[in-house]
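The values are calculated or read from the model by the stated rules, or taken from the named source; none is laboratory data. Owing to the predicted nature of the structure, the values given are computational and were not obtained by experimental measurement. Positions of Cβ are backbone-derived with ideal geometry, glycine not excepted, and every protein chain shown enters the neighbour counts. Ligands, DNA and RNA are stripped out before the accessible areas are found, and what is left, the full protein with its side chains, is counted by its heavy atoms. Shrake-Rupley method; radii C 1.70, N 1.55, O 1.52, S 1.80 Å.
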Amino acid sequence: MKTRIVLIDDHKLFREGIKRILDFEQDFEVVAEGSDGDEALALVERYKPDVVIMDINMPHVNGVEATRQLIEAYPDTKVIILSIHDDESYVMHALQTGAMGYLLKEMDADALIEAVRVVAEGGSYLHPKVTHNLVKEYRRLIAGEGVEKEKQNQGVCRPYHLLTRRECEVLQLLADGKSNKGIADALSISEKTVKNHVSSILQKLNVNDRTQAVVVAIKNGWVEVK
């Protein structure tokens, strides 16, 4: 079974580049393309895709509004937002409307492919740089509640009772905002090994995605937030 994808972006050249990357994957199929939010609604109704990849800035109906309308009409629609903005306010707005992924347009091909696979399987995916910004914002918020201060007084306590030493290293790098490739380079291991470690971490922490794992780690004082 192929993952059926609808691609929405008003910049044709960029859209063609994304399509070319996705077409290289045997388990992906771009079934339709559009250039604005109005087209997105019509194409989803017609093709019933598994994943919609949507630019945030488009004429007529922008990506966030189109996502809101899509989720209202088709609650099972899985949307990945494409954006040039890494500010947490943009990210939170997109997620609040129902998007399950948020990618910066500076992404590499591996991040795009990984995001589509994760979201298609029901998880959520944030660009590593976005994750790092959200982590910093989360730290600021809980610091106001006195939670962070308490954890800082205790120091970082790695969860060796749950994770292996290597998995703890991977968890810290996730909190640092590293991509799978960045983690692989930092630890001198393969990306496939990184993916296996991440999957094991998610299972052991009983969470669905990387962002949730990082939030759990921060709450428990398991990682250092830089």
Query raised in the report: From the residues in the range 144-170 that are modelled with pLDDT of 60 or more and in a helix (DSSP H, G or I), which one is nearest to residue 53 (Cα to Cα)?
Result: 170
Report summary line: residue 43: passes all of (1) of a type in the set (A, V, I, L, M); (2) within 21 Å of the chain's Cα centre (by Cα); (3) buried (at least 17 other Cβ atoms within 10 Å of the Cβ) but (2)
Query raised in the report: In the range 204-217, is there at least one residue being under 22 Å from residue 120 (Cα atoms), touching a strand residue (DSSP E or B) at 6+ places or on another chain (Cβ under 7 Å), open to solvent by 20 Å² or more (accessible area, probe 1.4 Å) and touching a residue at least 60 places away in the same chain (Cβ under 8 Å)?
Result: yes
Query raised in the report: Residues of the range 4-24 being within 21 Å of residue 121 (Cα to Cα), out of contact with any Leu (no Cβ under 9 Å at 6 or more places or on another chain) and surrounded by 16 or more Cβ atoms within 10 Å (Cβ to Cβ), which ones?
Result: 4
Query raised in the report: From 106, 29, which residue is modelled with pLDDT of 95 or more, surrounded by fewer than 18 Cβ atoms within 10 Å (Cβ to Cβ) and of a type outside the set (Ser, Thr, Tyr)?
Result: 29
Query raised in the report: How many residues are at pLDDT 90 or above and in a helix (DSSP H, G or I) when one looks only at the range 42-65?
Result: 6
Query raised in the report: Say we look at the range 51-67 and pick out the residues that are buried (at least 19 other Cβ atoms within 10 Å of the Cβ) and of a type outside the set (A, V, I, L, M, F, W, C); which of these is nearest to residue 30 (Cα to Cα)?
Result: 55
Query raised in the report: residue 5: closer than 19 Å to residue 67 by Cβ, at pLDDT 90 or above and not hydroxyl-bearing (Ser, Thr, Tyr), yes or no?
Result: yes
